[in-house]
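*Asks:* Before I ask anything, here is the structure I am working with.
The values are calculated or read from the model by the stated rules, or taken from the named source; none is laboratory data. This structure is a prediction, so every number in the text was calculated from the model and none was measured. Backbone-built Cβ (ideal geometry, glycine too); neighbour counts: all protein chains shown.
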Amino acid sequence: MEDKNILRLEAGVAGELEGKTILEIGPGDGRLSEILLSKNPKKIYLVEKDSRFAAILREKFASEPKVEIIETDILELEFPKIDIVFGNIPYYISSEIVFGLKGLEIEQAILMVQKEFAQKMVQKSGNGNYGRLSVTSQIFFEVKMIRTVSKGLFRPMPKVDSAIISLRPTGIKLTQDQEDIIRYLFSHKNKTVRNALLDSKKISEKEIEKIGDYAKKRARTLNKEQVLEICRLISSDQKVF
């Protein structure tokens, strides 16, 4: 990303950064990092997998005691305690990164992702693009799409446009059993809830009886509250969200 106005916008979405501990995913040559540093955070972790960029970052921030460069794959990182996450994240692992954040105690994450990915995250029930990504994103986070970013602003230019999103954790935790139920529902989102769950071969007719009229609805029409209620009624873990 070369447009400094976009970088400043991205850095400003989270508000006041003074005294905050920040982690940036994939900082590249450190253009966004420099702007974040200018806002007087307590600490910045720069997680960069590419050894060439890691070397550039070490040289650029050699005299900055607040900056720590971590040369590793973000998916293998044991996260330190942080307040805010920033990142222009690789499109092919966006889901893994986003849902890797759901277990962290952070205030907010500001991410640049593929535009289509962002649109699916914020999509509402009943729309054709609404699916498992939409409902799980909205269960775990308050998701806001800040703005789209033209592919022409990147060098080299990617094939698709991007979008800046803000994620604020809701604090909702799901068990693996409950996450599996959501996966069963949205693997066949155009079917009725009853048929989608039966197709999983994991949910019985007896269990489906517990959800009453929800069984007749199409999975794609369920909002997050309804999905959570179905999980509560069927799950072997009767945790109240």
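*Asks:* In region 129-139, is there at least one residue being within 30 Å of ILE208 (Cβ to Cβ) and in contact with an Asp or Glu (Cβ under 8 Å, 6 or more places away or on another chain)?
*Replies:* Yes, the conditions are met somewhere in region 129-139.
*Asks:* Go through the residues of region 171-185 one by one and say whether even a single one is at positive phi, loosely packed, with under 15 Cβ neighbours inside 10 Å and out of contact with any Phe, Trp or Tyr (no Cβ under 7 Å at 6 or more places or on another chain). Step through it out loud before you land on a result.
*Replies:* As a first pass, look at region 171-185 and keep what is at positive phi: 171.
If we keep only those that are loosely packed, with under 15 Cβ neighbours inside 10 Å too, we end up with 171.
Pick out the ones that are also out of contact with any Phe, Trp or Tyr (no Cβ under 7 Å at 6 or more places or on another chain) and you get 171.
Among the residues of region 171-185, at least one is at positive phi, loosely packed, with under 15 Cβ neighbours inside 10 Å and out of contact with any Phe, Trp or Tyr (no Cβ under 7 Å at 6 or more places or on another chain), which makes the answer yes.
*Asks:* Then there is this: Name the one entry in GLY19, GLY100, GLY26 that is in contact with a strand residue (DSSP E or B) (Cβ under 9 Å, 6 or more places away or on another chain) and not acidic (Asp, Glu).
*Replies:* On the way: GLY19 fails: in contact with a strand residue (DSSP E or B) (Cβ under 9 Å, 6 or more places away or on another chain); GLY100 fails: in contact with a strand residue (DSSP E or B) (Cβ under 9 Å, 6 or more places away or on another chain).
Answer to the selection: GLY26.
*Asks:* Moving on to the next point. Counting just the residues of region 194-213 that are touching a residue at least 12 places away in the same chain (Cβ under 8 Å) and within 30 Å of the chain's Cα centre (by Cα), which one comes out surrounded by the most Cβ atoms within 10 Å (Cβ to Cβ)?
*Replies:* In this case the residue turns out to be LEU197.
*Asks:* Can you name every residue in region 14-40 that is buried (at least 19 other Cβ atoms within 10 Å of the Cβ) and either part of a loop (DSSP other than H, G, I, E, B) or not hydrophobic (A, V, I, L, M, F, W, C) (or both)?
*Replies:* Across region 14-40, the qualifying residues are ALA14, LEU17, LYS20, GLU24, GLY26, PRO27, GLY30, SER33.
*Asks:* Which ones in region 125-143 are within 12 Å of PHE99 (Cβ to Cβ) and free of Cβ contacts under 8 Å to residues at least 12 places away in the same chain?
*Replies:* Quick first cut of region 125-143, residues within 12 Å of PHE99 (Cβ to Cβ) only: 132-133, 136-137, 139-141.
Residues satisfying the conditions do not exist here.
*Asks:* Residue under question is GLN119, and the condition is that it be assigned by TED's automatic domain parsing to the domain that holds PRO27, out of contact with any strand residue (DSSP E or B) (no Cβ under 8 Å at 6 or more places or on another chain) and either under 21 Å from ILE172 (Cβ atoms) or part of a helix (DSSP H, G or I) (or both); does it hold?
*Replies:* No; evaluated as a whole, the condition is false for this residue.
*Asks:* Further question: So GLU10 passes all but one of these: (1) surrounded by fewer than 17 Cβ atoms within 10 Å (Cβ to Cβ); (2) among the acidic types (Asp, Glu); (3) over 19 Å from PHE79 (Cα atoms). Which condition number does it fail?
*Replies:* Tallying (1) surrounded by fewer than 17 Cβ atoms within 10 Å (Cβ to Cβ); (2) among the acidic types (Asp, Glu); (3) over 19 Å from PHE79 (Cα atoms), GLU10 fails exactly one: (1).
*Asks:* Does VAL122 fit the bill of being surrounded by 17 or more Cβ atoms within 10 Å (Cβ to Cβ) and either modelled with pLDDT of 95 or more or out of contact with any Cys (no Cβ under 9 Å at 6 or more places or on another chain) (or both)?
*Replies:* Considered against the rule, which asks whether it is surrounded by 17 or more Cβ atoms within 10 Å (Cβ to Cβ) and either modelled with pLDDT of 95 or more or out of contact with any Cys (no Cβ under 9 Å at 6 or more places or on another chain) (or both), VAL122 comes out as no.
*Asks:* Mind listing whichever residues of region 83-116 are buried (at least 17 other Cβ atoms within 10 Å of the Cβ), more than 11 Å from the chain's Cα centre (by Cα) and part of a loop (DSSP other than H, G, I, E, B)?
*Replies:* ASP83, ILE106
*Asks:* For VAL122, indicate whether it is of a type in the set (Val, Ile, Thr) and over 18 Å from ALA11 (Cα atoms).
*Replies:* yes
*Asks:* Within region 50-75, can you find the residues that are surrounded by 14 or more Cβ atoms within 10 Å (Cβ to Cβ) and either β-branched (Val, Ile, Thr) or modelled with pLDDT under 95 (or both)?
*Replies:* The answer is ILE56, VAL67, ILE69, ILE70, ILE74.
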